[in-house]
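Student: Structure incoming, see below.
The values are calculated or read from the model by the stated rules, or taken from the named source; none is laboratory data. Everything numeric in this text was worked out from a predicted model, so none of it was measured. Ideal geometry is used to build each Cβ from the backbone, glycine not excepted, and the neighbour counts take in all protein chains shown.
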Amino acid sequence: MPADTTDGLNEAIVATWRAESARLVGALTRMTRDLDLAEDLAQDALVAALEQWASGGVPENPGAWLMAVAKRRGIDHFRRADTMRRKTAELEHALGGEEAAVPDLDDQVDSIEDDVLRLIFLSCHPALTPESRAALTLRLVGGLTTAEIARGFMVSDSSMGQRISRAKRTLVTAGVELELPTGSERTARLDDVMAVIYLIFNEGYSATSGADWMRPELAHEGMRLARMLTALAPGEVEVLGLQALVEIQGSRLGARVDEDGAPVLLEAQDRGRWDGLLIRRGLGALAQAEALAARGVPVGKYFLQASIAAEHARAARAEDTNWRRIAALYDVVAEAAPGAVVEVNRAVAHGRAFGPDAGLAVLAAVDEGALGRSPLVPSVRGEFLERGGLHAEAAEAFAAAAALTDNQSERAVLTRRAGDNLVSAAQDSSGGMGSAARR
């Protein structure tokens with residue numbers, strides 16, 4: 001087979017797997033009641049596709065083809081296990097009495113949306129740590145390989161494999177049910193699901209470590225998962241808010257670095273490079289959420305943060321941004337979902353809306369200990385001090401922030417800003433009263 005044909009086939013298989021793996025694993029988990037077995041059967045179907053599509057071509061309905069093969073392998077598995085004969089009957093009953101023959105390729109799995117939603121909630125079970133939830137969500141729902149997830153989170157393949165295996169064992173040990181939670185438990189778990197999806201997006205949007213400013217593949221996966229969750233749980237204001245938030249923020253990905261890969265901050269970005277389709281989709285999701293809110297449905301932090309992101313998206317130029325509106329929205333966010341990061345963002349908004357002194361006043365009350373080794377507070381403090389003309393103090397703040405970050409691109413930006421402010425401080429010192437007049 002020619003190389004270009006092979007490449008095209010591989011791309012088709014990868015695209016199909018990303019689109020269908022959650023449905024496959026979700027449906028197979030429901031049928032077999034065994035997550036590991038469901039994954040194995042889905043992987044077997046993928047191997048079969050690699051072998052058979054090379055000669056027969058990609059089928060018209062590749063997802064149904066994979067499901068048909070996986071179900072047949074499931075029947076064969078239980079028939080081979082003498083101690084699992086009862087499972088054979090259960091599985092064949094679930095398949096409508098089918099025997100060993102491959103089901104029709106047009107056959108559809110019942111409740112397929114519920115299957116995927118079950119899988120999302122299973123991946124985000126509270127028995128797991130946030131890191132394990134994110135990894136398991138990417139594996140089961142995102143269809144990423146262990147190696148891809150490991151690269152995204154800057155750990156070794158073996159470490160990520162162990163993390164995913166431990167997460168599965170934890171679910172088994174905890175006796176986690178595969179059914180969808182209801183009532184208050186569902187509400188609480190939905191919050192966990194949204195938190196994991198936003199964590200995945202944020203790690204892609206602003207990488208916490210490594211050489212790169214962003215990891216776009218994780219950001220795009222977060223957007224895809226948010227859209228999936230909206231499709232599976234329509235009518236949820238916060239789910240719509242999450243989709244709006246990640247798509248509007250995600251629209252900036254192409255403008256967040258220059259031609260050399262160096263970071264470009266929000267106000268300096270070429271807004272013509274923002275993705276118009278993502279903005280329209282994000283604003284559309286926000287409009288749906290606003291319509292629900294107008295009917296009295298309570299809103300939360302994702303809706304409010306999406307409303308803030310929308311203010312940036314609607315401003316044709318950075319100087320057109322309605323910072324007073326953003327500051328007012330952050331005041332509401334601080335009441336709805338208080339936290340150190342929210343307070344830092346609120347400080348930024350107040351500093352932009354009412355001047356650097358107002359921002360510094362909000363920032364002074366932030367509990368820096370709650371942020372660990374984050375460079376967030378000193379970098380924002382440096383921004384305010386720079387805008388206030390206090391260049392020596394700004395240089396010190398930026399240098400402190402640079403020492404705290406584990407991201408090489410961010411460290412380079414902060415170090416450069418520290419140096420620029422040292423130069424400005426020296427000029428101020430030599431300029432005497434003239435420098436004060438310039439400020």
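Student: For region 204-240, which residues satisfy the criterion of being modelled with pLDDT under 90 and acidic (Asp, Glu)?
Tutor: Listed by number, the residues that qualify are ASP212, GLU217, GLU221.
Student: Where the second residue is hydroxyl-bearing (Ser, Thr, Tyr) and surrounded by fewer than 16 Cβ atoms within 10 Å (Cβ to Cβ) and the first is assigned by TED's automatic domain parsing to the domain that holds SER21 and more than 18 Å from MET31 (Cβ to Cβ) and lies in region 41-70, which pairs have Cβ atoms under 8 Å and are six or more apart or on separate chains?
Tutor: So the pair list comes out as ALA54/THR6.
Student: Say whether the condition of being touching a residue at least 12 places away in the same chain (Cβ under 8 Å), closer than 18 Å to THR129 by Cα and surrounded by fewer than 17 Cβ atoms within 10 Å (Cβ to Cβ) is met by at least one residue in region 163-171.
Tutor: Within region 163-171, one or more residues are touching a residue at least 12 places away in the same chain (Cβ under 8 Å), closer than 18 Å to THR129 by Cα and surrounded by fewer than 17 Cβ atoms within 10 Å (Cβ to Cβ).
Student: Follow-up. Within region 121-139, work out how many residues are part of a helix (DSSP H, G or I), touching a residue at least 40 places away in the same chain (Cβ under 8 Å) and in contact with a Ser or Thr (Cβ under 8 Å, 6 or more places away or on another chain).
Tutor: Final tally of qualifying residues: 4.
Student: Hey, PHE201 hits all of (1) in a loop (DSSP other than H, G, I, E, B); (2) buried (at least 17 other Cβ atoms within 10 Å of the Cβ); (3) not polar (S, T, N, Q) but one; which does it fall short on?
Tutor: Of (1) in a loop (DSSP other than H, G, I, E, B); (2) buried (at least 17 other Cβ atoms within 10 Å of the Cβ); (3) not polar (S, T, N, Q), only one is false for PHE201: (1).
Student: Filter region 289-333 down to the residues that are in a helix (DSSP H, G or I) and polar (S, T, N, Q) and list them by number.
Tutor: Taking region 289-333 and keeping what is in a helix (DSSP H, G or I), we get 289-294, 301-314, 318-320, 323-333.
If the condition is that a residue be in a helix (DSSP H, G or I) and polar (S, T, N, Q), then GLN305, SER307 are the ones that fit.
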